[in-house]
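Asker: There's a structure below that I have some questions on.
The values are calculated or read from the model by the stated rules, or taken from the named source; none is laboratory data. These numbers were taken from a predicted model, which means no experiment stands behind them. Here the Cβ is made from the backbone with ideal geometry for all residues, glycine too, and neighbour counts use every protein chain on show.
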There are 2 protein chains.
Amino acid sequence: MVLGGGGFLGTNLSRRLLARGLRTGAFGLRCPFRADLPGLAWHAGDFRDPAALAAALPGYEIVFHLIHTTVPFSANLDAGRDLTENVAPSLRLLDLCRDLGGRRVVFISSGGTVYGAATQLPTPESAPTNPLTAYAVSKLTIEKYLALYENLHGLDYRVLRLPNPFGPYQVPTKGQGVIGALISSARKGEPMTIWGDGSVVRDYIFVDDVVDAMEAAMADASGERVFNIGSGQGRSLREVIDSVERLMGRRIDVRMTAARPLDVPKSVLDAARAEKTLGWRPKTGFEDGVRRTIAWWDSGAAERTR
Amino acid sequence: MVLGGGGFLGTNLSRRLLARGLRTGAFGLRCPFRADLPGLAWHAGDFRDPAALAAALPGYEIVFHLIHTTVPFSANLDAGRDLTENVAPSLRLLDLCRDLGGRRVVFISSGGTVYGAATQLPTPESAPTNPLTAYAVSKLTIEKYLALYENLHGLDYRVLRLPNPFGPYQVPTKGQGVIGALISSARKGEPMTIWGDGSVVRDYIFVDDVVDAMEAAMADASGERVFNIGSGQGRSLREVIDSVERLMGRRIDVRMTAARPLDVPKSVLDAARAEKTLGWRPKTGFEDGVRRTIAWWDSGAAERTR
């Protein structure tokens, strides 16, 4: 059961699970790429609606929790709302899973934000967590509740802390996903605005590699609970823009605006634990991933949204 | 303005502030020892009621946030409720303080629970936080929001992580405060039930020393934000019972029941940062504190509750 199965990560994950022949359900407000998900049991519902959520869970052994109603920027505009819309329903999800029993929860957390301005780069899971966004406080609080529910109720869970994933099905509707936004702008010949001068360094990872990690987290029997999933490679936004321009063979009209305090200068994850414990490592080079993302846009798939 | 000014810590703090001649207000559901707080501006109100809270804050430069509706045990029975009743209203408090401006928030957190089963003893502020109770998740989440609001909005704050405080005005109504409960049971000649065999080790600190730390946090101009406040001395519950019995000159009928998983075997705080930065250190020896607590009960003050 993929909560948020209609989103970027959820669509990619659902496709993989379906390709494996697994009984796959998805839950969320919208499922724009349902045509690409034959066989998916789609449950339309609002995560904040306990009854809708309760109806979707029975019959599934693994629950992937990928829903978050905000992005870092929007969460900061109303931290209370972020808490109410995300942490409170996540806690209800844990209560439901506790009551139903026999389920693993795989929670998608944010390696790019929970550490805040990390002093150690690449950043391991053991680094201090000093969030600069309400989004990250919510993600971290849900992680704490997962650990609490394991202690109190034996809840089975894993957490994946992701950096900046990119790839097919990432359409720039929520102001998230700079690579999809760059490709989309380039295709339309429209200008694209970024915050800051393009010097911020991020850890970009191709979505197929993220889905590999999700599959590994589904099966993991180790004593570890929280895993950074990242390339370990830092890349400036300027370099990313250069790569996309080169691979598309066209210039993008990038406009710079004031940097945001919530954007730390540099975020790169140390994924040594995932490699050691899950046997996971990224297989897709950055430019190869960008190439495959461009190919997806060129296939017209983005226009198949419904 | 002391939020929770009618409680154990709040009454002690309010008395001190009034003794200093400071304009002192208090907010909360009840103020049982109001007779001992002449000059206090009492605002009866529910912390979950935004309008009541908003009405209490203007005119005060420092806001002490001491309200929590649960104790560790009760919080675990309904984590969602703990979140809704404590974290959400605390976030509204921060919004109010941001909007009003010019206020410092001193938040009372829980050094005895936010670290969980710490491997480092005494435990410093930099130790990992792995809560075993929803109470501690809530406390920790509020700490994270305070840091976030400083970053986003320049909110001025300090956090004090307390261990097991004891002293006058701690009456055993919420199942919290073993020393007050022991004294009360001894005075009534009633049996007293404890969880486990009395081997759990805690860091007990006399309330006057806690109030010293609160005053220091009010004035602190350092770059530090979070302070452990503790004696650095571990004491088993068995030793505490022995001390109370000896100092009262009577036996207490202590009945043991099954230990609770939420009670870590040992919790002792390292308060070196508070000593270095706030110039704070506890002045009251354990037995001296117990003696003064017994004297308070003997004065009949507990019966003056209204």
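Asker: Would you be able to say whether some residue in region B:67-77 is within 23 Å of A:Glu85 (Cα to Cα), within 14 Å of chain A (Cβ to nearest Cβ) and out of contact with any Phe, Trp or Tyr (no Cβ under 6 Å at 6 or more places or on another chain)?
Answerer: Yes; the residues of region B:67-77 include at least one that is within 23 Å of A:Glu85 (Cα to Cα), within 14 Å of chain A (Cβ to nearest Cβ) and out of contact with any Phe, Trp or Tyr (no Cβ under 6 Å at 6 or more places or on another chain).
Asker: Considering A:Val137, A:Val71, which residue is under 18 Å from the mean Cα position of the chain (by Cα), modelled with pLDDT of 95 or more and not basic (Lys, Arg)?
Answerer: A:Val137
Asker: Would you pick out the residues in region A:166-223 that are of a type in the set (Gly, Ala, Ser) and on the phi > 0 side of the Ramachandran plot?
Answerer: Keep residues of region A:166-223 that are of a type in the set (Gly, Ala, Ser), which gives A:167, A:175, A:177, A:180-181, A:184-186, A:189, A:196, A:198-199, A:213, A:216-217, A:219, A:221-223.
Across region A:166-223, the qualifying residues are A:Gly167, A:Gly175, A:Gly177, A:Gly189, A:Gly196, A:Gly198.
Asker: Collect the residues in region A:1-31 that are in a loop (DSSP other than H, G, I, E, B) and either among the β-branched types (Val, Ile, Thr) or closer than 19 Å to A:Val211 by Cα (or both), keeping them in residue-number order.
Answerer: A:Met1, A:Gly4, A:Gly5, A:Gly6, A:Gly7, A:Arg20, A:Gly21, A:Leu22, A:Arg23, A:Thr24, A:Cys31
Asker: Quick check on region A:149-162. Is at least one of its residues over 28 Å from A:Phe286 (Cβ atoms), facing chain B (nearest Cβ under 7 Å), surrounded by fewer than 24 Cβ atoms within 10 Å (Cβ to Cβ) and touching a residue at least 60 places away in the same chain (Cβ under 8 Å)?
Answerer: Step one: of region A:149-162, the residues over 28 Å from A:Phe286 (Cβ atoms) are A:149-157.
Checking which are facing chain B (nearest Cβ under 7 Å) leaves us with A:151-152.
With the extra rule that they be surrounded by fewer than 24 Cβ atoms within 10 Å (Cβ to Cβ), the set shrinks to A:151-152.
With the extra rule that they be touching a residue at least 60 places away in the same chain (Cβ under 8 Å), the set shrinks to none.
For region A:149-162, residues over 28 Å from A:Phe286 (Cβ atoms), facing chain B (nearest Cβ under 7 Å), surrounded by fewer than 24 Cβ atoms within 10 Å (Cβ to Cβ) and touching a residue at least 60 places away in the same chain (Cβ under 8 Å): absent.
Asker: What number goes with the only condition from (1) away from chain B (no Cβ under 12 Å); (2) out of contact with any Cys (no Cβ under 9 Å at 6 or more places or on another chain); (3) modelled with pLDDT of 95 or more that A:Arg92 does not pass?
Answerer: So the condition that A:Arg92 fails would be (1).
Let's see how each residue does on (1) more than 25 Å from A:Ser185 (Cα to Cα); (2) modelled with pLDDT under 95; (3) not charged (D, E, K, R):
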position	(1), (2), (3)
A:Asp208	no, no, no
A:Asp212	yes, no, no
A:Met218	yes, no, yes
A:Gly230	yes, no, yes
A:Arg238	no, no, no
A:Glu245	no, no, no
A:Met248	no, no, yes
A:Arg260	no, yes, no
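Asker: Within region A:261-285, take every residue that is out of contact with any strand residue (DSSP E or B) (no Cβ under 8 Å at 6 or more places or on another chain) and within 14 Å of chain B (Cβ to nearest Cβ) and give me the one that is farthest from A:Ile205 (Cα to Cα).
Answerer: Top of the filtered list is A:Pro261.
Asker: Would you confirm, using the coordinates I've provided, whether B:Pro163 is in contact with a helix residue (DSSP H, G or I) (Cβ under 9 Å, 6 or more places away or on another chain) and farther than 22 Å from B:Ser299 by Cα?
Answerer: Spelling it out, it is not the case that B:Pro163 is in contact with a helix residue (DSSP H, G or I) (Cβ under 9 Å, 6 or more places away or on another chain) and farther than 22 Å from B:Ser299 by Cα.
Asker: Continuing with this model, one more query. Restricting the first residue to region A:228-243 and requiring it to be touching a residue at least 12 places away in the same chain (Cβ under 8 Å), which pairs with a second residue that is of a type in the set (Lys, Arg) and assigned to a helix (DSSP H, G or I) meet a Cβ separation below 9 Å and a spacing of at least six or different chains?
Answerer: From region A:228-243, the pairs are A:Asn228/A:Arg273.
Asker: Sticking with this one: Give region B:74-90 a look and list any residue that's over 17 Å from A:Arg98 (Cα atoms) and either hydroxyl-bearing (Ser, Thr, Tyr) or out of contact with any Gly (no Cβ under 8 Å at 6 or more places or on another chain) (or both), or say none.
Answerer: Within region B:74-90, B:Ser74, B:Asp82, B:Leu83, B:Thr84, B:Glu85, B:Asn86, B:Val87, B:Pro89, B:Ser90 qualify.
Asker: Still on this structure, I have one more. Quick check on this structure: which one of A:Thr133, A:Thr129, A:Thr141 is in contact with a Pro (Cβ under 6 Å, 6 or more places away or on another chain) and either of a type in the set (Asp, Glu) or within 14 Å of chain B (Cβ to nearest Cβ) (or both)?
Answerer: That would be A:Thr133, the only listed residue that is in contact with a Pro (Cβ under 6 Å, 6 or more places away or on another chain) and either of a type in the set (Asp, Glu) or within 14 Å of chain B (Cβ to nearest Cβ) (or both).
Asker: Would you confirm, using the coordinates I've provided, whether A:Arg225 is modelled with pLDDT of 95 or more, surrounded by 24 or more Cβ atoms within 10 Å (Cβ to Cβ) and under 18 Å from the mean Cα position of the chain (by Cα)?
Answerer: No: the conditions fail for A:Arg225.
Asker: Please identify the pairs in which a residue from region B:279-292 that is in a loop (DSSP other than H, G, I, E, B) has its Cβ atom under 7 Å from the Cβ atom of a residue that is β-branched (Val, Ile, Thr), counting only partners at least 6 apart or on another chain.
Answerer: B:Pro282/B:Ile205
Asker: Next question, about the same structure. Return the residue satisfying two criteria in turn: it lies in region A:18-35 and is in contact (Cβ under 8 Å) with a residue 24 or more places away in the chain and of a type in the set (A, V, I, L, M, F, W, C), and of such residues it is nearest to A:Val171 (Cα to Cα).
Answerer: Step by step, filter region A:18-35, then rank; the result is A:Phe33.
Asker: Okay, next question. What about A:Tyr169, is it within 19 Å of the chain's Cα centre (by Cα), in contact (Cβ under 8 Å) with a residue 40 or more places away in the chain, within 14 Å of chain B (Cβ to nearest Cβ) and buried (at least 22 other Cβ atoms within 10 Å of the Cβ)?
Answerer: When the stated conditions are applied, A:Tyr169 does not pass them.
Asker: Still on this structure, I have one more. Residues to consider are B:Val244, B:Val211; find the one that is more than 30 Å from B:Glu143 (Cα to Cα), out of contact with any strand residue (DSSP E or B) (no Cβ under 7 Å at 6 or more places or on another chain) and hydrophobic (A, V, I, L, M, F, W, C).
Answerer: Result: B:Val244 is the single residue among B:Val244, B:Val211 that is more than 30 Å from B:Glu143 (Cα to Cα), out of contact with any strand residue (DSSP E or B) (no Cβ under 7 Å at 6 or more places or on another chain) and hydrophobic (A, V, I, L, M, F, W, C).
Asker: Still on this structure, I have one more. For a quick check of your reading: which strands (runs of 3 or more DSSP E) sit entirely within region B:39-120 and have at least 2 residues that are in contact with a helix residue (DSSP H, G or I) (Cβ under 8 Å, 6 or more places away or on another chain), crowded, with 23+ Cβ neighbours inside 10 Å and in contact (Cβ under 8 Å) with a residue 12 or more places away in the chain?
Answerer: B:62-65, B:104-110
Asker: Taking strands (runs of 3 or more DSSP E) that do not extend beyond region B:155-262, which have at least 1 residues that are within 18 Å of B:Leu9 (Cα to Cα)?
Answerer: Here the list reads B:156-162, B:164-166, B:204-206, B:226-228.
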